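This report refers to the structure that appears directly beneath it.
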Amino acid sequence: MSFSQETIDEVRSRNDIVDVIGQYVQLKRAGSSYMGLCPFHSEKTPSFSVSPSKQIFHCFGCGKGGNVITFVMEEEHLSFPEAVRFLAERAGMQIEETGGTPGQQQAERLRREREETLLAINREAALFYVSQLHTPDGGRGLHYLHDRQLTDETIRAWGLGFAPGTGHALYDHLKKKGYKDDILVKTGLFSYKGEHPHDLFWNRVMFPIMDERRRVIGFGGRVMGDGKPKYLNSPETEIFDKRNHLFGIHAAARSKAGNFIICEGYMDVISMQQAGFTQAVASLGTALTEAQVKIIARYTDQVRITYDSDAAGTKASLRAIGLFDAVTVTDRATRRRKHIQTRVIRMEPYKDPDEFIKARGAEAFQQRIDSAEDSFLFRIGALEKQFERGTPRGDTDFAEAAAREIAALPSAFERREYLDSVAEQFGIRGDDLRELVEQAVPEVKEQQEEQQIAAARRQRYEEERQRGQAARRSFPPSGQGQADAGTSGKKSAEGGREVTRAPAGLLKAEDFLLTILAEEPAYYEKIRAYISPEDFEESRRHLAEGAFRQLEQKGSVDAAALTAQYQTREEMQAAANAFAAPAMRAGAGQRAQALNDCVKTIRGAALKAKLQEAARKLKAGDISAAEEYRQTGKQLQEVSRIQIEVQTE
């Protein structure tokens with residue numbers, strides 16, 4: 001299911017970006033734009049710009065940008081279709097989706113209606129549990145929460161409640177609200193075994209489980225007394241799968257701490273949040289899953305693990321480290337893929353964060369966060385416990401095992417760095433350990449090769465599937481066709497194939513030119529004598545074609561409309577950023593000079609590429625390319641004489 005471009009454009013046009021963003025960010029007029037503190041990263045000086053004329057936003061600090069749809073996707077953590085529906089509802093619009101058969105469209109509408117009903121029931125159930133916490137029956141639950149040193153403010157903020165011990169109180173309440181059994185049975189809140197339905201949760205303190213959009217999707221309950229099980233979660237439903245959600249994600253997703261802290265349980269998360277550590281999350285009664293790791297990777301590349309300090313907690317930490325090591329994220333600065341950095345917070349002599357904070361306080365816990373142990377060294381420390389150190393055999397076996405772990409590291413630099421750290425920290429002679437690592441590297445790499453090839457194939461297939469639409473439009477996702485600060489037309493392997501990266505300076509020039517055309521379209525008449533869309537790099541060519549076409553047809557650039565052609569965060573952000581070049585904040589005289597420099601850079605790069613292609617043909621024996629080579633070389637010599645006169649006052 002999808003929306004027509006006309007529908008998307010209408011939704012966008014009926015939701016002014018300044019009005020929408022103004023509901024989330026305090027904006028102040030600054031010239032032709034508005035500025036505010038970026039909602040996506042922590043800052044003290046406003047660097048978040050919203051342009052009412054271009055209907056796009058851009059943060060000069062973290063680089064995020066896009067149109068009104070992109071902003072809602074980021075802030076509310078929605079998919080593209082969800083963001084379009086969100087804005088349509090805000091504007092009071094009824095919109096239709098395209099694609100699929102009439103039967104499929106009807107099934108999708110029914111699915112969404114059922115999901116909305118289930119969410120409404122969960123919300124009503126959460127309110128009911130909250131109300132019961134302050135009844136005589138719920139007094140034991142309130143006493144338990146106070147005994148765990150939670151404040152009334154925290155209890156309210158997290159919507160904590162109590163499920164009465166009767167076994168049918170919630171069922172009776174929802175029936176009175178008019179809900180039928182055919183939908184109640186799908187909520188996971190009731191058991192329909194036996195003669196009469198009864199509540200799944202009773203005599204329990206209730207923890208609502210919310211998604212990133214703060215919607216209640218399920219519940220966890222802690223029994224009062226000696227009942228079993230001690231903790232009980234909602235079963236899997238159409239809107240809840242505990243393997244694909246994290247407790248506390250609704251708060252952590254909005255944290256500006258710069259990292260996520262993974263805990264074991266509800267109380268750890270709430271205790272940490274109460275102490276000011278808003279980045280805490282926990283898995284839902286299961287070991288951390290790959291899906292949960294990918295959720296975290298959407299928000300941060302820095303993870304701190306704080307599982308219980310017992311043997312089971314150590315085992316869980318090692319498993320989590322392995323999961324995070326297998327996931328990569330895109331570095332915002334370099335656009336290269338990198339691994340998530342994990343560190344382990346030591347709780348000793350306390351069992352968990354809740355116990356630690358109660359005993360030592362938030363400041364001491366922050367110190368533990370700051371001194372968290374590198375996850376690789378933590379792994380070596382856990383490995384050491386398997387050997388009888390202090391004996392010749394034990395020391396030898398441990399050194400060999402540690403060497404194999406070091407040998408498995410992906411780069412020679414990492415191997416050198418960790419070799420020295422392991423040798424020093426674990427009392428192994430550096431030369432001996434280095435020799436063992438050198439011996440282990442070929443064997444370990446050989447064992448890894450087959451796994452790496454298989455993983456690369458799977459990754460390439462998944463990336464190609466996700467990029468299909470973008471590839472058809474010749475606008476690759478953010479990261480392809482873009483160079484990091486030190487790249488100059490180099491090639492690199494991404495997803496198992498070779499990708500040519502454009503020089504960073506060229507991409508900056510192209511972004512500046514697109515920005516100035518959007519800001520001052522009168523320059524188009526002077527620029528088009530020298531530059532055409534074909535002169536742009538592939539990653540910007542589709543945008544340039546659209547901008548030039550709009551200038552020809554109506555004399556202005558609708559940057560928001562061009563951005564709205566894309567439906568992934570990466571594509572929309574890359575498109576919006578192309579119309580928000582930082583150099584546009586310079587004075588008119590500087591812009592005039594920069595405009596000439598950019599035109600020369602773009603035209604020169606295009607002609608150099610054409611000259612190289614002609615040279616390649618000549619080298620291959622195609623003498624017909626000789627004239628093309630001569631003419632292109634002549635044109636390239638003339639680039640330095642380009643001078644565009646612009647108004648600087």
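Please verify whether ALA282 is small (Gly, Ala, Ser) and either modelled with pLDDT of 90 or more or open to solvent by less than 40 Å² (accessible area, probe 1.4 Å) (or both), treating the condition exactly as stated.
On the way: small (Gly, Ala, Ser): yes; either modelled with pLDDT of 90 or more or open to solvent by less than 40 Å² (accessible area, probe 1.4 Å) (or both): yes.
In short, yes.
Please specify each residue of segment 216-241 satisfying the condition of being touching a residue at least 60 places away in the same chain (Cβ under 8 Å) and hydroxyl-bearing (Ser, Thr, Tyr). Break it down stepwise before answering.
Going residue by residue through segment 216-241, those that are touching a residue at least 60 places away in the same chain (Cβ under 8 Å) are 216-220, 222, 224, 237-239.
Within segment 216-241, just THR237 meets the criteria.
Would it be correct to say that ILE380 is closer than 22 Å to GLU424 by Cα, touching a Pro at 6+ places or on another chain (Cβ under 9 Å) and open to solvent by less than 20 Å² (accessible area, probe 1.4 Å)? Explain how you work it out, then say what you get.
Details: closer than 22 Å to GLU424 by Cα: yes; touching a Pro at 6+ places or on another chain (Cβ under 9 Å): no; open to solvent by less than 20 Å² (accessible area, probe 1.4 Å): yes.
Answer is no for this residue.
Mind checking whether some residue in segment 293-313 is touching a Pro at 6+ places or on another chain (Cβ under 6 Å), part of a loop (DSSP other than H, G, I, E, B) and open to solvent by less than 10 Å² (accessible area, probe 1.4 Å)?
yes
Within segment 525-539, how many residues turn out to be open to solvent by less than 10 Å² (accessible area, probe 1.4 Å) and not polar (S, T, N, Q)?
We begin by selecting, within segment 525-539, every residue open to solvent by less than 10 Å² (accessible area, probe 1.4 Å); these are 527, 531, 536, 539.
In the following step, the residues that additionally are not polar (S, T, N, Q) were identified as 527, 531, 536.
Total satisfying the criteria: 3.
Taking the options PRO410, PRO442, name whichever one is modelled with pLDDT under 90 and in a helix (DSSP H, G or I).
Selected residue: PRO442, the only one of PRO410, PRO442 that is modelled with pLDDT under 90 and in a helix (DSSP H, G or I).
Could you tell me how many of the residues in segment 525-542 are at pLDDT below 90, in contact with a Phe, Trp or Tyr (Cβ under 9 Å, 6 or more places away or on another chain) and outside any loop (DSSP other than H, G, I, E, B)?
The number of residues fulfilling the criteria is 5.
For segment 116-128, does any single residue satisfy the condition of being in a loop (DSSP other than H, G, I, E, B) and of a type outside the set (Asp, Glu)?
no
Before we move on, is ILE261 touching a residue at least 60 places away in the same chain (Cβ under 8 Å) and either touching a helix residue (DSSP H, G or I) at 6+ places or on another chain (Cβ under 8 Å) or open to solvent by less than 30 Å² (accessible area, probe 1.4 Å) (or both)?
yes
Do you know which of the residues in segment 64-113 that are among the polar types (S, T, N, Q) and in a helix (DSSP H, G or I) is surrounded by the most Cβ atoms within 10 Å (Cβ to Cβ)? Spell out the reasoning first.
The initial filter retains those residues of segment 64-113 that are among the polar types (S, T, N, Q), namely 67, 70, 79, 94, 98, 101, 104-106.
Then keep just the ones that are in a helix (DSSP H, G or I); that gives 70, 104-106.
Working: THR70: 28, GLN104: 12, GLN105: 15, GLN106: 11.
The residue in question is THR70.
In segment 532-564, which residues are over 19 Å from VAL599 (Cα atoms), free of Cβ contacts under 8 Å to residues at least 24 places away in the same chain and among the polar types (S, T, N, Q)?
Scanning segment 532-564 gives GLN550, GLN553.
Taking the stated definitions as given, is ALA423 of a type in the set (A, V, I, L, M, F, W, C), over 29 Å from the mean Cα position of the chain (by Cα), part of a helix (DSSP H, G or I) and exposed (fewer than 13 other Cβ atoms within 10 Å of the Cβ)? Spell out how you get there, then give the answer.
On the way: of a type in the set (A, V, I, L, M, F, W, C): yes; over 29 Å from the mean Cα position of the chain (by Cα): yes; part of a helix (DSSP H, G or I): yes; exposed (fewer than 13 other Cβ atoms within 10 Å of the Cβ): no.
The answer is no for ALA423.
Answer yes if at least one residue in segment 345-356 is in a helix (DSSP H, G or I), under 32 Å from the mean Cα position of the chain (by Cα) and surrounded by fewer than 20 Cβ atoms within 10 Å (Cβ to Cβ), and no otherwise.
Of the residues in segment 345-356, the ones in a helix (DSSP H, G or I) are 353-356.
Applying the additional criterion that residues be under 32 Å from the mean Cα position of the chain (by Cα) yields 353-356.
Filter again for surrounded by fewer than 20 Cβ atoms within 10 Å (Cβ to Cβ), leaving 355.
Looking for residues that are in a helix (DSSP H, G or I), under 32 Å from the mean Cα position of the chain (by Cα) and surrounded by fewer than 20 Cβ atoms within 10 Å (Cβ to Cβ), one finds at least one in segment 345-356, hence yes.
How many residues does segment 21-38 hold that are in a loop (DSSP other than H, G, I, E, B) and buried (at least 17 other Cβ atoms within 10 Å of the Cβ)?
Restricting attention to segment 21-38, the residues satisfying the condition of being in a loop (DSSP other than H, G, I, E, B) are 23-27, 31-32, 37-38.
With buried (at least 17 other Cβ atoms within 10 Å of the Cβ) added as a condition, the list becomes 25, 27, 37-38.
Result for segment 21-38: 4.
Would you say PHE324 is modelled with pLDDT of 90 or more, within 29 Å of SER421 (Cβ to Cβ) and in contact with a His (Cβ under 9 Å, 6 or more places away or on another chain)? Steps first, answer last, please.
Values: modelled with pLDDT of 90 or more: yes; within 29 Å of SER421 (Cβ to Cβ): yes; in contact with a His (Cβ under 9 Å, 6 or more places away or on another chain): yes.
Yes.
So, GLU388, is that one in a loop (DSSP other than H, G, I, E, B), open to solvent by 80 Å² or more (accessible area, probe 1.4 Å), out of contact with any strand residue (DSSP E or B) (no Cβ under 7 Å at 6 or more places or on another chain) and of a type outside the set (Gly, Ala, Ser) or not? Show your work before the answer.
Details: in a loop (DSSP other than H, G, I, E, B): yes; open to solvent by 80 Å² or more (accessible area, probe 1.4 Å): yes; out of contact with any strand residue (DSSP E or B) (no Cβ under 7 Å at 6 or more places or on another chain): yes; of a type outside the set (Gly, Ala, Ser): yes.
Yes.
Among the hydrophobic types (A, V, I, L, M, F, W, C) and either at pLDDT 90 or above or farther than 20 Å from GLY66 by Cβ (or both), is that true of ALA561? Let's see the steps before the verdict.
Values: among the hydrophobic types (A, V, I, L, M, F, W, C): yes; either at pLDDT 90 or above or farther than 20 Å from GLY66 by Cβ (or both): no.
No: the conditions fail for ALA561.
Please state which of the following conditions MET73 fails to meet, knowing it meets all the rest: (1) modelled with pLDDT under 90; (2) touching a Leu at 6+ places or on another chain (Cβ under 9 Å).
Exception for MET73: condition (2).
Only one of (1) surrounded by fewer than 17 Cβ atoms within 10 Å (Cβ to Cβ); (2) touching an Asp or Glu at 6+ places or on another chain (Cβ under 7 Å) fails for PRO164. Which number is that?
(1)
Could you list, in sequence order, the residues of segment 54-63 that are open to solvent by 10 Å² or more (accessible area, probe 1.4 Å) and in contact (Cβ under 8 Å) with a residue 60 or more places away in the chain?
We begin by selecting, within segment 54-63, every residue open to solvent by 10 Å² or more (accessible area, probe 1.4 Å); these are 54-55, 58, 60-63.
Within segment 54-63, LYS54, GLN55, HIS58, PHE60, CYS62, GLY63 qualify.
Quick check on segment 39-53: of everything there that is more than 30 Å from GLN302 (Cα to Cα) and open to solvent by less than 50 Å² (accessible area, probe 1.4 Å), which residue is farthest from the chain's Cα centre (by Cα)? Quick ask: steps written out before the conclusion?
Here is the first cut: in segment 39-53, the residues more than 30 Å from GLN302 (Cα to Cα) are 51-53.
Imposing the further condition that a residue be open to solvent by less than 50 Å² (accessible area, probe 1.4 Å) reduces the set to 51-52.
Numbers: SER51: 24, PRO52: 26 Å.
Filtering segment 39-53 for residues that are more than 30 Å from GLN302 (Cα to Cα) and open to solvent by less than 50 Å² (accessible area, probe 1.4 Å), the one farthest from the chain's Cα centre (by Cα) comes out as PRO52.
Tell me which of these TYR144 doesn't satisfy, since it passes every other one: (1) under 15 Å from VAL205 (Cα atoms); (2) crowded, with 20+ Cβ neighbours inside 10 Å; (3) in contact (Cβ under 8 Å) with a residue 60 or more places away in the chain.
For TYR144, the exception is condition (2).
Among the residues of segment 555-563, is there at least one that is farther than 27 Å from GLU10 by Cα, assigned to a helix (DSSP H, G or I), open to solvent by less than 30 Å² (accessible area, probe 1.4 Å) and not hydroxyl-bearing (Ser, Thr, Tyr)? Can you show your working first?
Pass one, segment 555-563, residues farther than 27 Å from GLU10 by Cα: none.
No, the conditions are met nowhere in segment 555-563.
Please work out which residue is farthest from GLU438 (Cα to Cα), limiting yourself to segment 396-405 and to residues that are surrounded by fewer than 17 Cβ atoms within 10 Å (Cβ to Cβ) and of a type in the set (D, E, K, R).
For segment 396-405, the residue satisfying everything is ASP397.
The values are calculated or read from the model by the stated rules, or taken from the named source; none is laboratory data. What you see is a predicted model; the values in this text were computed from it and never measured. Backbone-built Cβ (ideal geometry, glycine too); neighbour counts: all protein chains shown. The accessibility values were calculated without ligands, DNA or RNA, using every heavy atom of the protein model including side chains. Shrake-Rupley method; radii C 1.70, N 1.55, O 1.52, S 1.80 Å.
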